[in-house]
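These notes are about the structure you will find just below.
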């Protein structure tokens with residue numbers, strides 16, 4: 001498991017958790033909110049390891065520590081167990097089904113919570129994907145949140161705060177995760193994954209502060225294939241005939257039928273890259289600064305696009321990309337949506 005020292009960004013959330021340990025005001029329930037890849041589980045694991053750390057507990061018992069000094073040691077018996085996933089009092093709860101969390105899942109959890117810790121001060125439960133809890137399941141958890149055993153700490157992880165009942169939210173410390181700064185994401189990608197500067201820049205911009213998504217992108221061959229295809233479209237869309245556009249759309253549609261989830265992700269990634277490209281065009285048109293753009297290796301094409309397009313035209317394209325994403329999420333006809341978008345790009 002990671003320590004707080006291993007986490008990039010999320011300073012305010014880490015500060016809150018460290019202060020809770022330093023002051024001894026550890027809540028029985030936390031709700032960590034953020035998109036997939038934002039670091040909810042990493043934060044939960046770091047908090048759990050620090051709460052159970054034997055060395056840290058001895059230091060706190062001997063006297064107060066400033067919040068900045070709070071972290072797991074990584075070397076005591078509990079930390080070594082946590083690192084290998086064998087700390088008996090840190091439990092990542094598994095559910096019977098992937099699609100939903102039932103009332104029976106929660107009843108099993110509540111029953112397990114009544115069993116005292118094996119060897120630690122706390123018994124900590126990390127509950128992934130709690131947005132999948134049915135209303136009945138959430139209600140079954142309420143009494144435990146209202147009257148938990150003194151040793152229990154529940155860390156609920158969700159991508160949507162609104163998916164949780166107000167009665168659940170009101171009994172938890174709610175910690176929304178904020179996007180990590182792009183320069184921190186870029187540095188992380190370069191240092192931890194050995195990504196070249198240019199690719200790290202694109203990955204950081206593309207992930208929009210989601211460090212897990214950024215790491216997954218830059219280590220995926222699919223992403224670079226997608227990036228090359230996207231650049232090819234952007235560099236040539238103005239010269240294509242309508243038949244070329246329709247042919248490409250049909251090819252993409254064939255891919256969607258083979259693996260719909262992967263194809264949907266591929267198209268969404270392409271649209272996000274379109275947005276980054278045209279923001280570069282807009283930025284360069286306003287500043288003539290090549291160092292401030294993301295697609296620096298395509299500076300010649302960026303300069304050409306900036307010189308031939310008006311500010312209104314570029315904004316029209318950006319709005320069209322946003323509209324296309326909304327339409328595709330609403331299952332509007334794929335061919336028609338992409339044809340309208342590419343024709344707007346061509347005309348502006």
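The figures follow:
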item: Check on residue 328, surrounded by 15 or more Cβ atoms within 10 Å (Cβ to Cβ) and either closer than 17 Å to residue 272 by Cα or more than 28 Å from the chain's Cα centre (by Cα) (or both); result: yes
item: Residue selected from the range 106-133 under the condition more than 22 Å from the chain's Cα centre (by Cα) and more than 20 Å from residue 147 (Cβ to Cβ), by the criterion surrounded by the fewest Cβ atoms within 10 Å (Cβ to Cβ); result: 118
item: Pick from the range 144-181, criterion without any contact (Cβ under 8 Å) to a residue 60 or more places away in the chain and in a helix (DSSP H, G or I), ranking: surrounded by the fewest Cβ atoms within 10 Å (Cβ to Cβ); result: 166
item: Any chance residue 117 is within 18 Å of residue 45 (Cα to Cα) and in contact (Cβ under 8 Å) with a residue 60 or more places away in the chain; result: no
item: Failed item, numbered, when residue 184 is tested on (1) in contact with a strand residue (DSSP E or B) (Cβ under 7 Å, 6 or more places away or on another chain); (2) more than 22 Å from residue 49 (Cα to Cα); (3) in contact (Cβ under 8 Å) with a residue 40 or more places away in the chain; result: (1)
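Any read-out appearing in this document is the output of simple, stated calculations on the displayed coordinates, not a laboratory observation. Please read all numbers here as calculations on a predicted model, not as lab measurements. We place every Cβ from the backbone using ideal geometry, glycine too, and count neighbours over all the protein chains shown.
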